[in-house]
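Visitor: Pasting in a structure now, in structure tokens, and then I'll have a few things to ask.
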Amino acid sequence: MLSLESSQIRRNHNQLKSLNFFFGQALRGNRNYCVGIDLQNSAITNVSVWDTLEDAQQMVSLREMLDLAGTFAGLGVQFERPITNHETLWTL
């Protein structure tokens, strides 16, 4: 989860909406990547689904993600660390 001050998130909402996450075929094992924004609670959450833990860990060193993190940090985003990886217990 990422967090911003409420005034920052509202001021930068359109810029945040315009950022595209493109993963394409280059990332092995990626099944889905979703980004949600909660304006009321000033939070952005990313959730991704991967075939294996090794596949998920590609994100740690992916140049595009590191660059994007810099963009978000420039907007005042504070990242929660460490990034956690969870095994799926059930799905709908």
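The values are calculated or read from the model by the stated rules, or taken from the named source; none is laboratory data. Please read these numbers as outputs of a predicted model, since none were measured by experiment. Heads up, the Cβs are rebuilt from the backbone with ideal geometry, glycines too, and the neighbour counts pull from every protein chain shown.
Visitor: On the basis of being at pLDDT 80 or above and surrounded by 12 or more Cβ atoms within 10 Å (Cβ to Cβ), does Ala56 make the cut? Walk me through how you get there before you give the answer.
Guide: Working: at pLDDT 80 or above: yes; surrounded by 12 or more Cβ atoms within 10 Å (Cβ to Cβ): yes.
Considered against the rule, which asks whether it is at pLDDT 80 or above and surrounded by 12 or more Cβ atoms within 10 Å (Cβ to Cβ), Ala56 comes out as yes.
Visitor: Check Ser48, Ser61 and return the single one that is hydroxyl-bearing (Ser, Thr, Tyr) and surrounded by 10 or more Cβ atoms within 10 Å (Cβ to Cβ). Lay out the reasoning, then the answer.
Guide: On the way: Ser61 fails: surrounded by 10 or more Cβ atoms within 10 Å (Cβ to Cβ).
Exactly one of Ser48, Ser61 is hydroxyl-bearing (Ser, Thr, Tyr) and surrounded by 10 or more Cβ atoms within 10 Å (Cβ to Cβ), namely Ser48.
Visitor: What pairs come out if I take residues in segment 26-53 that are closer than 19 Å to Ala73 by Cα and pair them with residues that are polar (S, T, N, Q) and part of a loop (DSSP other than H, G, I, E, B) whose C-beta lies under 6 Å away, six or more apart or interchain?
Guide: Once the first residue is closer than 19 Å to Ala73 by Cα and sits in segment 26-53, no partner that is polar (S, T, N, Q) and part of a loop (DSSP other than H, G, I, E, B) comes close enough.
Visitor: Checking the structure you have, find out if any residue of segment 71-82 is at pLDDT below 80 and either among the acidic types (Asp, Glu) or in contact with a helix residue (DSSP H, G or I) (Cβ under 7 Å, 6 or more places away or on another chain) (or both).
Guide: Yes - at least one qualifying residue is present in segment 71-82.
Visitor: A follow-up question, please. Could you please tell me which pairs satisfy a Cβ distance under 9 Å, a separation of 6+ or placement on different chains, a first residue in segment 79-92 that is touching a residue at least 40 places away in the same chain (Cβ under 8 Å), and a second residue that is part of a loop (DSSP other than H, G, I, E, B)?
Guide: Qualifying pairs under 9 Å: Phe79/Met1; Glu80/Met1.
Visitor: Say we look at segment 30-53 and pick out the residues that are over 10 Å from the mean Cα position of the chain (by Cα) and closer than 24 Å to Leu89 by Cα; which of these is modelled with the lowest pLDDT?
Guide: Step one: list which residues in segment 30-53 are over 10 Å from the mean Cα position of the chain (by Cα), which gives 30-32, 37-43, 49-53.
Then keep just the ones that are closer than 24 Å to Leu89 by Cα; that gives 30-32, 49-53.
Numbers: Asn30: 87, Arg31: 87, Asn32: 84, Val49: 90, Trp50: 92, Asp51: 93, Thr52: 94, Leu53: 93.
Going through the qualifying residues, I end up with Asn32.
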